[in-house]
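Read the structure below first, then the notes.
FYI, it's all coordinate maths here, none of it is from the lab. Note that this is a predicted model, so its numbers are computed, not measured. In this analysis, Cβ positions are derived from the backbone assuming ideal geometry, glycine residues included, and neighbour counts consider all displayed protein chains.
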Amino acid sequence: MRTILDLHDLLVEQLRELYDAELYLREALPQLKENAWHTGLRNVLDQYEAHVTESSMTLLQVFNDLFTIEFGERSYPVRSMIKYNQSIMEACQTAEVTDAAIVLTLQQVIHYKIASYGAVCTYAKVLGVYDDGELLHQLLDTEKKIDRKLVALADLDIDRKAFNYDKF
């Protein structure tokens, strides 16, 4: 990690970490989709995959605006969450419980990203880079929308099926 002297340096460090998270997610989402059984969950995964691709492109634009490079930090929290939850999914014995584990994985990652995007939106505002702040805020809003879709799927269907899988 590079030396962080001011809020701009912290913004760039966090943006690089978010960019790495988006790239890593882009690699991990196809496997999650492959393991998903629930049609609604697969649809949300498709939407999220498109969002992750868009997010990485938006972050590249922000890096360009800030005259900085996009590489240099790793998203160890996101990488660790995904790797750990892959081991949980491998231990799941039914498709219904696997779907619940996929929702868990996505929500953990999304909640982390919501916190990170919220912080960089604030940093951009304080630093006066309002256009970039607005772009980042749009990414934050989309993360929240995807999270709400996952909550609805889990509450209304996926978690109930995982709980009752042996009662059908």
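Quick notes on this structure:
- Sites matching trypsin sites (Lys or Arg not before Pro) across region 1-73 that sit in DSSP coil, with at most 10 neighbouring C-beta atoms within 10 Å: ARG2
- Residue by residue, region 108-121 carries 3J(HN,Hα) couplings of 4, 5, 4, 5, 4, 5, 4, 4, 5, 5, x, 5, 5, 5 Hz when phi is fed to the Karplus relation 6.51 cos²θ - 1.76 cosθ + 1.60 (θ = phi - 60°); x denotes Gly or Pro.
- Between the labelled values (1) 10, 38, 30, 15, 6, 1; (2) 9, 32, 36, 17, 5, 1; (3) 10, 40, 36, 13, 1, the entry that holds P(r) over Cα pairs in 10 Å bins from 0, in percent as derived from this structure is (1).
- The relative contact order of the chain comes to 29 percent, based on Cα pairs under 8 Å that sit 6 or more residues apart.
- Rounded to the nearest 500, the helix-only mean residue ellipticity at 222 nm of the chain stands at -28000 deg cm²/dmol, with each DSSP H run of n ≥ 4 adding -39,500 (n - 2.57).
- Theoretical gain in end-to-end length, ASP131 to ASP9 [0.36 nm per residue, Cα-Cα removed]: 42.1 nm
- Whether region 1-52 is rounded, prolate or oblate, judged on the alpha carbon gyration tensor where a/c under 1.5 counts as rounded: prolate
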